[in-house]
Each structure stands twice: as structure tokens, then as C-alpha cells.
Amino acid sequence: MIRVIKVSEIEGRRNTGTGMRVKNAKGPKRRFRLSGRQVGVVVFLLLLFMGSGIGYVWSNFEGTQIGYDVSRLKHEEIRLREWNTKLRLELATLKSPQYLEGAVRALGLRAASPEQIVVLP
């Protein structure tokens, strides 16, 4: 009859020739296992890392957009100031007595006589 030998008995025996213990049996494979709490912590840290990365990229993008807007508005301000200067110069030219006298002569008008002037109270 064949006797069943346990692994623990085999490990306890010694090789008769050398006197050394024989350990030919492979040990149990250890698997990398995480508990539910550890998985939760890992997921939380990943979400935190991703959120901070997205926030960093978004803030840089917004800063760049604001820089472009400021530059565009500065150019617009310069253009409007130049236009304002031109309009003020044109207004001063149109109000000048020399221009008004020339316009009156071109239309064929004369100076009003004292009887035509009416002073309002």
C-alpha cells in the first residue's frame, strides 16, 4: 500500500547522502492585494493629482487668454486715442474764424447789418 506523505514531512527529512534538508517544493505565490481602504486612498490620490493638473493647465490657459485680451485692448486704446486727437484737431479747424470766413464767402453770405441782429433776453 502507498503511504501519502505530507509536504511538511518531506521538508523535515534530510537527504541521506549529504545530510542537508531538501526543499524542492515551491512556496505559495504571493499576490499583490490591496484592501478596499487602500484602493479608496489610491483612487482619491489619483483624482487629486488629476484635478490639480487640470487646474494648473486651466490657470495657465486663462492667464494666457487674459494676456492676449490686455494686449488687444492696449492696441484698441492707442487707436482710439489717435482717432480722438484727429477729431479734436478737425473740430478746432472747423471752429476757427479763418475757416468760418472762407465758408461764408463760398456760400455768398454777407455780414449782418445792425438792424438784422436781434438780442434775446
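Please treat every number below as a calculation from the coordinates, not as lab data. These numbers come from a predicted model, not from an experiment. Glycine gets a Cβ as well: all are built from the backbone with ideal geometry, and neighbour counts include every protein chain shown.
Of note:
- Those residues of segment 45-72 whose amide nitrogen sits under 13 Å from the label point placed on Trp83, 7 Å along Cα→Cβ: none
- Dipole-positive endmost among Ser35, Pro97, His75 within segment 18-121 (Cβ charges, Cα centre): Ser35
- Per-pair calculated FRET efficiency, R0 = 25 Å: His75 and Phe49 via Cβ, rounded to 0.05: 0.05
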